[in-house]
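Notes follow the structure.
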Protein chains: 2
Amino acid sequence: MKPATSTPTFRPLYLQIKSMLEESLARREWGPGEVIPSELELASRYGVSHGTIRKAIAALSADNLLVRRQGRGTFVATHTEEHSSTFRFLRIRRNDQVDEYPASRLLELRRGKATGDVARTLGLKPGEPVFGLRRVLDFDSRPTVLDDITLPVALFRGLTRARFDAYRGSMYGFFETEFGVRMLRADERLRAVAADAGVADILEVPVGEPLLTVDRVTFTFGDKPVEMRRAVCVTRRCHYLTSLN
Amino acid sequence: MKPATSTPTFRPLYLQIKSMLEESLARREWGPGEVIPSELELASRYGVSHGTIRKAIAALSADNLLVRRQGRGTFVATHTEEHSSTFRFLRIRRNDQVDEYPASRLLELRRGKATGDVARTLGLKPGEPVFGLRRVLDFDSRPTVLDDITLPVALFRGLTRARFDAYRGSMYGFFETEFGVRMLRADERLRAVAADAGVADILEVPVGEPLLTVDRVTFTFGDKPVEMRRAVCVTRRCHYLTSLN
DNA sequence: CAGTGGTCTAGACCACATC
DNA sequence: ATGTGGTCTAGACCACTGG
């Protein structure tokens with residue numbers, strides 16, 4: 001009898017190719033937004049059939065690593081193009097259904113050291129340097145979300161307020177183009193809390209106002225955690241939208 | 001130049017077959033938990049190739065309408081089997097990572113009439129009869145979630161407290177086996193609110209305690225809305241878990 | 001028009017579950 | 001041994017995009 005944790009004895013070809021393509025993406029053989037070689041070329045490169053390549057690409061496309069465009073080619077997914085994927089990592093919507101993408105204001109950028117909880121979550125040694133960012137999102141010109149973001153300095157070396165403010169586009173677009181860090185997946189845990197004095201002041205609500213907190217851990221290639229953030233959100237005019245399938 | 005809302009001029013075979021299979025499922029040609037015919041048989045029945053049937057089934061499987069089991073067959077998905085899908089429609093988890101499935105207590109079952117908001121959401125005429133259920137979920141033997149559920153009487157005729165209490169299993173399992181109503185998909189909107197006196201009493205928290213509210217609309221075949229519910233949730237020992245991909 | 005991704009086929013073979 | 005879903009192939013053809 002084999003041990004319960006034995007190696008899966010069998011690995012389909014298309015999954016092996018998926019892994020190889022994923023490595024190519026991780027090492028930026030093709031950059032964000034660029035076309036990858038055509039299916040026929042990849043098929044001959046890996047010595048497999050059209051169909052097998054298609055299964056590999058379909059899987060990567062389901063993971064949002066690639067985007068297929070009929071008649072044009074297959075492209076590396078990017079956070080810098082404002083398509084329908086704009087709201088992929090932003091689940092906060094206005095109650096009135098208006099699809100507004102909020103303005104972002106950076107309040108603070110400081111350096112600190114990873115303490116127990118942060119170190120554990122981000123896979124750092126306690127005391128390793130981290131950046132702490134604090135920013136506000138305005139919906140309908142009103143402060144609505146307060147984000148406290150923690151990033152390992154090792155991956156975001158050279159991050160400054162000036163560079164942050166100079167960039168036009170989403171924060172994950174900024175991370176992608178300026179630091180080569182691609183956010184691929186996130187887990188979120190939501191809770192309700194009462195506003196304390198500091199938060200109430202920033203979000204212009206009374207102390208004690210019920211707020212939605214969203215604790216996010218974001219992962220890059222190889223399921224490596226690279227961002228921790230806590231969002232605190234006023235839900236009078238907005239809500240958090242999700243779908244169960 | 002064609003009008004922007006023109007018919008999609010082209011519908012792949014596998015999607016047509018997917019639709020036909022979906023209709024078979026909706027009219028219960030095969031019941032929840034049962035096997036459907038093998039891929040080879042379906043292929044010959046519809047006069048298409050193995051591969052085309054597989055694409056159709058793969059799509060239905062991705063929608064959680066079917067479950068494939070290698071070597072055994074393809075089965076109609078059901079809410080009555082306690083597998084990994086137990087938490088598909090329950091995103092509340094304990095903070096301590098224990099995978100507890102909460103106990104449910106029905107507090108109230110009454111009949112009422114659909115008013116503006118409910119009628120609009122459920123696609124009913126104002127004044128049509130609805131059931132109102134109120135129940136509590138206990139995590140770790142403590143009241144944690146208060147659900148207020150609204151159902152159209154037309155679809156749940158004969159629902160009584162006795163039948164509800166007699167059933168062993170999840171609420172959606174109950175709806176499926178007792179009324180033939182299958183919940184396939186849901187949209188949820190989350191907000192933070194302060195506990196009022198009534199809720200505070202039931203959930204055993206102080207008035208004003210911040211609570212997470214989850215407004216859910218649940219859909220069955222053909223994207224027909226069949227359930228509306230508001231969950232109010234204590235998030236001291238629990239949280240709402242979700243993933244962004 | 002050429003080149004891309006998307007569909008469909010027919011058939012071979014593999015992995016897995018059950019008898 | 002049989003039957004199920006899962007993989008892989010080779011090739012034909014379709015739909016879409018861009019020059």
Which of the residues that make up region A:215-245 are touching a strand residue (DSSP E or B) at 6+ places or on another chain (Cβ under 8 Å) and small (Gly, Ala, Ser)?
A:Ala231, A:Ser243
Within region A:169-213, residues being more than 14 Å from every other protein chain (Cβ to nearest Cβ), out of contact with any His (no Cβ under 9 Å at 6 or more places or on another chain) and surrounded by fewer than 17 Cβ atoms within 10 Å (Cβ to Cβ) number 8
What is the number of the single condition among (1) in contact with an Asp or Glu (Cβ under 9 Å, 6 or more places away or on another chain); (2) more than 23 Å from B:Ala194 (Cβ to Cβ); (3) buried (at least 17 other Cβ atoms within 10 Å of the Cβ); (4) in contact (Cβ under 8 Å) with a residue 24 or more places away in the chain that A:Thr144 does not meet?
(2)
Quick one: in region B:214-245, which of the residues that are within 8 Å of chain A (Cβ to nearest Cβ) and β-branched (Val, Ile, Thr) is farthest from the chain's Cα centre (by Cα)?
B:Thr235
For region B:76-96, check the following and say yes or no: at least one residue is within 16 Å of DNA strand C (Cβ to nearest atom), at pLDDT 95 or above, over 30 Å from B:Thr213 (Cβ atoms) and not hydroxyl-bearing (Ser, Thr, Tyr).
no
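Could you pull out the residue among B:Gly132, B:Gly127, B:Gly158 that is surrounded by fewer than 16 Cβ atoms within 10 Å (Cβ to Cβ), over 13 Å from B:Arg229 (Cα atoms) and touching a strand residue (DSSP E or B) at 6+ places or on another chain (Cβ under 7 Å)? Break it down into steps so the answer makes sense when it comes.
Details: B:Gly132 fails: over 13 Å from B:Arg229 (Cα atoms); B:Gly158 fails: touching a strand residue (DSSP E or B) at 6+ places or on another chain (Cβ under 7 Å).
After ruling out the rest, the residue left standing is B:Gly127.
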Of these, A:Gly222, A:Gly208, which one is of a type outside the set (A, V, I, L, M) and either free of Cβ contacts under 8 Å to residues at least 12 places away in the same chain or closer than 30 Å to A:Val76 by Cβ (or both)?
A:Gly222
From the list B:Ser61, B:Ser44, exactly one residue is within 13 Å of DNA strand C (Cβ to nearest atom), surrounded by fewer than 18 Cβ atoms within 10 Å (Cβ to Cβ), within 20 Å of B:Gln16 (Cα to Cα) and not hydrophobic (A, V, I, L, M, F, W, C). Which is it?
B:Ser44
Where a residue in region B:168-197 is closer than 25 Å to B:Thr242 by Cα and its partner, wherever it lies, is in a helix (DSSP H, G or I), with Cβ under 6 Å and at least six apart:
B:Arg182/B:Glu176; B:Met183/B:Tyr172
Failed item in (1) within 23 Å of B:Pro225 (Cα to Cα); (2) within 16 Å of DNA strand C (Cβ to nearest atom); (3) out of contact with any Leu (no Cβ under 8 Å at 6 or more places or on another chain), with B:Lys113 passing the rest:
(2)
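The values are calculated or read from the model by the stated rules, or taken from the named source; none is laboratory data. Given the structure is predicted, the values throughout are model-derived calculations rather than measurements. In this analysis, Cβ positions are derived from the backbone assuming ideal geometry, glycine residues included, and neighbour counts consider all displayed protein chains.
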